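K.L.:
To start, I am sharing the structure in question, which I have written as structure tokens.
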Amino acid sequence: MGNKTTIVEHVEITRDYGLMGHEAIIDHPKYGRLLIQDSFGGMDSLQGGRVSFKFGLLIQLHADDTFQTITGVWNDYMDLGEAVRQGYDNSRPVMAWTGYMIEKLAESAGL
């Protein structure tokens, strides 16, 4: 892994109302494999509403996780990808980072 944050996989996604977003799996030298995604937010801020990593999400993944490994059935109500992104999979915890920290991590990975 070295001492640099690297992108393992990156996808562009279409959010509600046709807004484009990004989701990536990255390797971080200290925190290991992470899922990072941007999100919409900021409607009550001076910047106005927008899609940004500042409003995003960061999840600690298993060392060998890919987008392929976080698909499939979780239970009768949701798939594994939803469970991971909503914090139900305790083996893949949502990290308690601020939006600014997530935004800087995305920048350091080249997103």
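The values are calculated or read from the model by the stated rules, or taken from the named source; none is laboratory data. Because the structure is a prediction, the values reported are computed rather than measured. Cβ coordinates were reconstructed from backbone atoms using ideal geometry, including for glycine residues, and neighbour counts include every protein chain displayed.
K.L.:
Based on what the data block shows, is Ala96 part of a loop (DSSP other than H, G, I, E, B), over 14 Å from the mean Cα position of the chain (by Cα) and either touching a residue at least 60 places away in the same chain (Cβ under 8 Å) or under 21 Å from Thr5 (Cα atoms) (or both)?
P.N.:
So Ala96 does not fit the description; no.
Matching residues to (1) out of contact with any strand residue (DSSP E or B) (no Cβ under 8 Å at 6 or more places or on another chain); (2) modelled with pLDDT of 95 or more; (3) in a strand (DSSP E or B); (4) loosely packed, with under 15 Cβ neighbours inside 10 Å:
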| residue | (1), (2), (3), (4) |
| --- | --- |
| Gly21 | no, no, yes, no |
| Gln47 | yes, no, no, yes |
| Gly56 | no, no, yes, no |
| Asp65 | no, no, no, no |
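K.L.:
Being surrounded by fewer than 16 Cβ atoms within 10 Å (Cβ to Cβ), part of a strand (DSSP E or B) and of a type outside the set (D, E, K, R) is the filter here; which residues of the stretch 1-19 pass it?
P.N.:
Passing the criteria: Thr6, Ile7, His10, Val11, Ile13, Thr14.
K.L.:
Please pick out the residue among Asp38, Asp89, Asp27 that is part of a loop (DSSP other than H, G, I, E, B) and not small (Gly, Ala, Ser).
P.N.:
The unique qualifying residue is Asp89.
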